[in-house]
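Working notes, beginning with the structure itself.
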Amino acid sequence: METALSLSPGPAVFYVVSQGVRGAVRRALPAAAGIISANAIYFTMSATILGALIAASSQFFTIAKWAGAAYLIYLGIKALLSAGASHAVALGETAPAEQGDRRRVYLGALTLQLANPKALLFFLALLPQFIDPAQALAPQMLILAATSMLPEFCILLGYGWLAHRALHASAKFGVSSNMNRWLAWIEGAGLLGCATLVLKFNRAR
């Protein structure tokens, strides 16, 4: 189920793709790691009463929803403004990501996913269906975490790598500039669209 959701475009996918275009696996890796780290936090919270308390707080969801939408809007506008960026990204001529740069990419992904209240609700709805109260909790949690997050990590990383390869391959046909511009527009429009969906999202009552 989570694998199918990971394949569908969303804030996490658009963020990882945007980083993959700019620096292949060097940037897609910390981006995917940041998304999975946020999911791990929500996954752990969903197994405790803390997750249920947060999910029941309308104030928390209002703050998280607006914070998440604002961050998506910022990323979307930033992508649109970069539509006319240099060809270096497409040709794979970007310098290797420095440690500080990778840290910013990771923290950006972590912030993006933590500001998405739908992630917490997803785990709260999913987790109880696969937990056997008669068995030890810790081993079940570890198995569920591994089987849900490892495929998502691979999918996100694959999206980032494929985005960079597609842009790199377009250079052979002399359309790298247009491809770079179109990807930036698609990324920006997608992120702004996700921001709209986040603002429209309401908790089930």
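Can you say whether Pro128 is modelled with pLDDT under 75 and closer than 27 Å to Gln19 by Cβ, as far as the supplied structure shows? No: the conditions fail for Pro128. Among the residues of segment 26-70, the ones that are hydrophobic (A, V, I, L, M, F, W, C), part of a helix (DSSP H, G or I) and either open to solvent by 60 Å² or more (accessible area, probe 1.4 Å) or modelled with pLDDT of 85 or more (or both) come to 17 in all. Out of the residues in segment 184-205 that are over 12 Å from Lys118 (Cα atoms) and open to solvent by 50 Å² or more (accessible area, probe 1.4 Å), which is modelled with the lowest pLDDT? Per the stated criteria, the residue is Arg205.
What about Ser18, is it open to solvent by less than 20 Å² (accessible area, probe 1.4 Å), in a helix (DSSP H, G or I) and of a type in the set (Ser, Thr, Tyr)? Yes: the conditions hold for Ser18. For segment 141-158, the condition holds for at least one residue, the condition being that it is open to solvent by less than 60 Å² (accessible area, probe 1.4 Å), modelled with pLDDT of 85 or more and aromatic (Phe, Trp, Tyr).
Among residues that are modelled with pLDDT under 85, surrounded by fewer than 21 Cβ atoms within 10 Å (Cβ to Cβ) and in contact with a Ser or Thr (Cβ under 7 Å, 6 or more places away or on another chain), Ala88 is included. Only one entry of Ala125, Ala134 meets the criterion of being in a helix (DSSP H, G or I) and over 13 Å from the mean Cα position of the chain (by Cα), and that entry is Ala125. Note on segment 8-25: among residues that are under 21 Å from Ala125 (Cβ atoms) and small (Gly, Ala, Ser), the one that is modelled with the lowest pLDDT is Ser8.
The values are calculated or read from the model by the stated rules, or taken from the named source; none is laboratory data. On a predicted model such as this, the values are computed, not experimentally measured, just so you know. Neighbour counts run over all protein chains shown; Cβ positions are idealised from the backbone, glycine included. Accessible surface areas use protein heavy atoms only, side chains included; no ligands, DNA or RNA. Shrake-Rupley method; radii C 1.70, N 1.55, O 1.52, S 1.80 Å.
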